[in-house]
Amino acid sequence: MRELPLATFEEKLEQILVSRIEGCRGLNHVERLSGGAAQETCRLECATDSGVRLFALRRAAGGVFRPPSDTQPGLAAEALLMQCAKQAGVPAPEIHYILSKDDDLGDGFVMEWLEGEGLGTRILRDEQFAGVRPQLAYECGRIAARIHGIDVVEKGLDRVLARITAADYVQQTWSRYKEFGTPHPMIDYVGCWLMQHLPETHRDTLVHNEFRNGNLMVSPDGIVGVVDWEIAHIGDPMRDLGWLCTNAWRYGETLPVGGFGTYEQLFQGYEDESGLSVDPEHVQFWEVFGSFWWSVTCLGMVDQFRHGPDPSIERATIGRRATEGQVDCVNLLIPGPVAIPDPVRDEQNLDSPHAEELLAAVSAFLRDDVMQATEGRTRFLARVSANATDVVLREIRDLDLYRQMERESLCKLFSVENESLEALRWRLVEMLCGVDCRLDDEALQAHLRQTVVNQLAIDNPKYIGLKHALNSA
C-alpha cells in the first residue's frame with residue numbers, strides 16, 4: 001500500500017476517531033514525531049466533549065499491514081500486550097482502538113497520550129527528576145515483577161508470542177554476527193562463555209525484552225508508562241532485569257540499574273512485588289548477554305550502511321560502538337591489568353599541515369560552526385560527523401602500533417611467526433568456537449583485554465567502560 005496523501009490520511013483518521021472514541025468530535029492537528037524503518041508515531045490533538053484531548057497513533061511506516069514474525073509479534077499484539085500490562089498494574093497507555101484493514105490506514109492503534117520524559121539522558125540529568133531518581137530502580141523491580149506475573153495463557157498471549165530459550169537467544173545472536181564475516185574474537189569468547197553458563201530456569205513468563213532506561217516514560221512523580229513492546233516474547237524473566245542493568249543504557253552514569261539505581265534496590269522491588277528471590281548471577285548472565293547482543297547489533301548497522309537502504313553517517317558510526325559492548329564484557333568476565341600504550345609520532349611526516357591537523361580542523365568546524373548554525377537532525381548528524389572525524393584522526397595516529405601489538409600477541413599465543421593478522425584473528429575465532437577451548441587461559445584473556453581496550457581507545461576513548469577497564473586490578 002502506498003502512503004496516503006496527508007489530507008486523505010487526516011480525513012480517514014478523523015472518521016475513525018469520531019466513530020470509535022466516545023466523546024471525540026474531531027481531529028484538530030496531527031504531528032508526526034518519529035519515522036523509523038518499521039514504525040511511526042503521531043501526536044493527535046482532538047476536540048472532545050470535555051475539551052481538547054491528546055492521543056497517540058502508532059502504526060507501520062507508510063501505512064502498510066505487516067504480518068507478525070518470530071521476532072516481532074505485530075502491532076495488534078503490541079496493543080494487546082499493553083492492555084494486559086495495564087490490567088496488571090503496569091504503567092501503560094490505554095488502548096482506544098486497533099486499526100483494521102477496512103480502515104485503510106495500515107497496521108496500528110490509537111492510544112492514550114502520556115505526559116512524561118522518555119529520553120534516558122534527561123531522566124538521569126534533568127533537575128526536575130532529581131527527587132524521583134532514587135526510587136526508580138525499586139519501582140522498576142516492582143513493575144518487572146508485575147509484567148512477569150501476567151498469565152500468558154489466560155490472556156491469549158501464548159498464541160501471538162514466540163517462546164525463546166536462553167540457548168536460542170544466544171545462538172540466534174551469535175549466528176547473526178557470524179553472517180557478517182568479520183572476526184571479532186571477543187564476541188566469540190562471550191558467545192562461548194554464554195553457552196557454557198546457560199542459567200537453569202524453572203519458569204517461562206512474558207518478557208518485555210526492551211525493559212530499559214529509554215523505554216520508560218518518567219514524570220517527576222515516577223514512571224508513568226512502559227513503552228516499546230514490539231519484540232516481547234515468552235522466556236526467561238531475568239532477561240528484563242539484566243537488560244535494564246546493561247551498561248549501554250546507563251548513559252555514562254555509574255549506577256548499574258539504568259544509571260539511576262543499585263542492584264539491591266532493583267532486586268528488593270522485584271522480591272517485594274513477586275515474593276520470589278532474585279539470583280544475582282542469573283541476572284548477570286543476561287547483563288553479559290545484553291552487551292554481547294548490543295555489540296552484534298552495532299556491527300549489524302555497518303551491514304545496513306553498506307548494503308541497506310539507509311547509508312547514513314549515523315549507521316556507519318554506530319558500527320564503531322561495537323567495541324563498547326565488548327569492553328563491557330571484558331569488565332564483567334575477564335577484568336585485569338591493562339593500559340593504553342603511548343602513541344608513536346611519525347617523525348617522517350613533513351606535510352604542513354599534516355593529516356591530523358586537517359582532521360582536527362574539520363572536526364572543530366562541524367562542532368563550532370555547523371552545529372551552531374543548524375538544528376534538529378542536521379545538527380545531530382553534524383555532531384556524529386565530528387565524532388567520525390575524530391575516530392579517523394585517532395586511527396591515523398594509533399592504528400599501526402595497536403595492530404602490531406595484536407599481531408605479536410597472537411603470534412606468541414599460537415607459537416607462529418609469519419601469518420597475517422587477519423589469518424591469526426580467524427585462527428583465534430576458530431579456537432574460541434572449538435569444544436576444547438579453555439576460557440580461563442590467562443594469556444588468552446590478557447590478549448583479548450588489551451586488544452579490545454586498544455580498539456576502544458580509537459573508537460570512543462570517552463566511553464565509561466574504558467575507564468573501568470583501565471582501573472581494574
Which one of the conditions (1) on the phi < 0 side of the Ramachandran plot; (2) at pLDDT below 90; (3) assigned to a loop (DSSP other than H, G, I, E, B) does ILE150 fail to meet, given that it meets all the rest?
-> (2)
Would you mind telling me which numbered condition in (1) under 20 Å from TRP229 (Cα atoms); (2) modelled with pLDDT of 85 or more ASP107 fails?
-> (2)
Region 307-326, subset of a type in the set (A, V, I, L, M, F, W, C) and touching a residue at least 60 places away in the same chain (Cβ under 8 Å), residue surrounded by the fewest Cβ atoms within 10 Å (Cβ to Cβ) | ILE313
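So, in region 112-149, of the ones that are basic (Lys, Arg) and over 17 Å from THR262 (Cβ atoms), which residue ends up surrounded by the most Cβ atoms within 10 Å (Cβ to Cβ)? Let's see the steps before the verdict.
Taking region 112-149 as the starting set, the residues that turn out to be basic (Lys, Arg) are 122, 125, 133, 142, 146.
Okay, now just the ones that are also over 17 Å from THR262 (Cβ atoms), so 122, 125, 146.
Working: ARG122: 13, ARG125: 15, ARG146: 19.
Per the criteria, the residue is ARG146.
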PRO73 vs (1) outside any loop (DSSP other than H, G, I, E, B); (2) surrounded by 21 or more Cβ atoms within 10 Å (Cβ to Cβ); (3) at pLDDT below 90: all pass except (1)
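In the set LEU399, LEU359, which member is hydrophobic (A, V, I, L, M, F, W, C), more than 27 Å from the chain's Cα centre (by Cα) and surrounded by 19 or more Cβ atoms within 10 Å (Cβ to Cβ)?
Numbers: LEU399 fails: surrounded by 19 or more Cβ atoms within 10 Å (Cβ to Cβ).
When all the criteria are applied, what remains is LEU359.
Please specify each residue of region 431-473 satisfying the condition of being hydroxyl-bearing (Ser, Thr, Tyr) and either in contact with a strand residue (DSSP E or B) (Cβ under 6 Å, 6 or more places away or on another chain) or not in a helix (DSSP H, G or I) (or both). Can you show your working first?
If we filter region 431-473 for residues that are hydroxyl-bearing (Ser, Thr, Tyr), which is where we start, we get 451, 463, 472.
Scanning region 431-473 gives TYR463, SER472.
Suppose we filter LEU114, LEU57 for residues that are aliphatic (A, V, I, L, M) and in contact (Cβ under 8 Å) with a residue 60 or more places away in the chain; which single one remains?
LEU114
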Out of THR451, THR378, THR389, report the one residue that is crowded, with 17+ Cβ neighbours inside 10 Å and free of Cβ contacts under 8 Å to residues at least 40 places away in the same chain.
-> THR389
Looking for whichever is farther than 19 Å from GLY325 by Cβ, among the basic types (Lys, Arg) and not assigned by TED's automatic domain parsing to the domain that holds CYS437 here; the options are ARG212, ARG163. Which one fits?
-> ARG163
Pairs, please: C-beta under 7 Å, at least 6 apart or cross-chain, first residue in the same structural domain as ASP49 (by TED's automatic domain parsing) and in region 15-29, second assigned to a strand (DSSP E or B) and of a type in the set (Phe, Trp, Tyr)?
-> ILE16/TYR97; ARG20/TYR97; ILE21/TYR97
Scan region 78-90 for residues that are in a loop (DSSP other than H, G, I, E, B) and crowded, with 21+ Cβ neighbours inside 10 Å and jot them down.
-> VAL90
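Residues in region 91-99: is at least one among the charged types (D, E, K, R), assigned by TED's automatic domain parsing to the domain that holds CYS46, in contact (Cβ under 8 Å) with a residue 40 or more places away in the chain and not in a helix (DSSP H, G or I)? Step through it out loud before you land on a result.
We begin by selecting, within region 91-99, every residue among the charged types (D, E, K, R); these are 94.
Going one step further and asking which of them are assigned by TED's automatic domain parsing to the domain that holds CYS46, we end up with 94.
Subsequent filtering for residues that are in contact (Cβ under 8 Å) with a residue 40 or more places away in the chain retains none.
Checked against the condition, which is being among the charged types (D, E, K, R), assigned by TED's automatic domain parsing to the domain that holds CYS46, in contact (Cβ under 8 Å) with a residue 40 or more places away in the chain and not in a helix (DSSP H, G or I), region 91-99 yields no hits at all.
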Selection from region 231-277 of residues that are within 29 Å of LEU75 (Cβ to Cβ) and of a type in the set (A, V, I, L, M, F, W, C) | ILE231, ALA232, ILE234, MET238, LEU241, TRP243, LEU244, CYS245, ALA248, TRP249
Taking only region 407-419 into account, find how many residues are modelled with pLDDT of 95 or more and either small (Gly, Ala, Ser) or buried (at least 18 other Cβ atoms within 10 Å of the Cβ) (or both).
-> 2
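Out of VAL278, VAL283, VAL296, VAL257, report the one residue that is touching a Ser or Thr at 6+ places or on another chain (Cβ under 9 Å), surrounded by 15 or more Cβ atoms within 10 Å (Cβ to Cβ), touching a residue at least 40 places away in the same chain (Cβ under 8 Å) and among the aliphatic types (A, V, I, L, M).
Details: VAL278 fails: touching a Ser or Thr at 6+ places or on another chain (Cβ under 9 Å); VAL283 fails: touching a Ser or Thr at 6+ places or on another chain (Cβ under 9 Å); VAL257 fails: touching a Ser or Thr at 6+ places or on another chain (Cβ under 9 Å).
Answer to the check: VAL296.
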Condition broken by GLY252, with the remaining ones in (1) within 20 Å of GLN171 (Cα to Cα); (2) touching a Lys or Arg at 6+ places or on another chain (Cβ under 9 Å) satisfied = (1)
Residue list for region 150-178, restricted to those being among the small types (Gly, Ala, Ser), under 16 Å from PRO73 (Cβ atoms) and surrounded by 15 or more Cβ atoms within 10 Å (Cβ to Cβ) | ALA162
Failed criterion for ARG142 (all others in (1) over 20 Å from ASP303 (Cα atoms); (2) in contact (Cβ under 8 Å) with a residue 12 or more places away in the chain; (3) outside any helix (DSSP H, G or I) hold) | (3)
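Are any of the residues in region 460-469 over 24 Å from the mean Cα position of the chain (by Cα) and closer than 30 Å to ALA388 by Cα? Quick ask: steps written out before the conclusion?
We begin by selecting, within region 460-469, every residue over 24 Å from the mean Cα position of the chain (by Cα); these are none.
No - not one qualifying residue is present in region 460-469.
The values are calculated or read from the model by the stated rules, or taken from the named source; none is laboratory data. Worth saying up front: this structure is predicted, and the values here are computed from it rather than measured. Backbone-built Cβ (ideal geometry, glycine too); neighbour counts: all protein chains shown.
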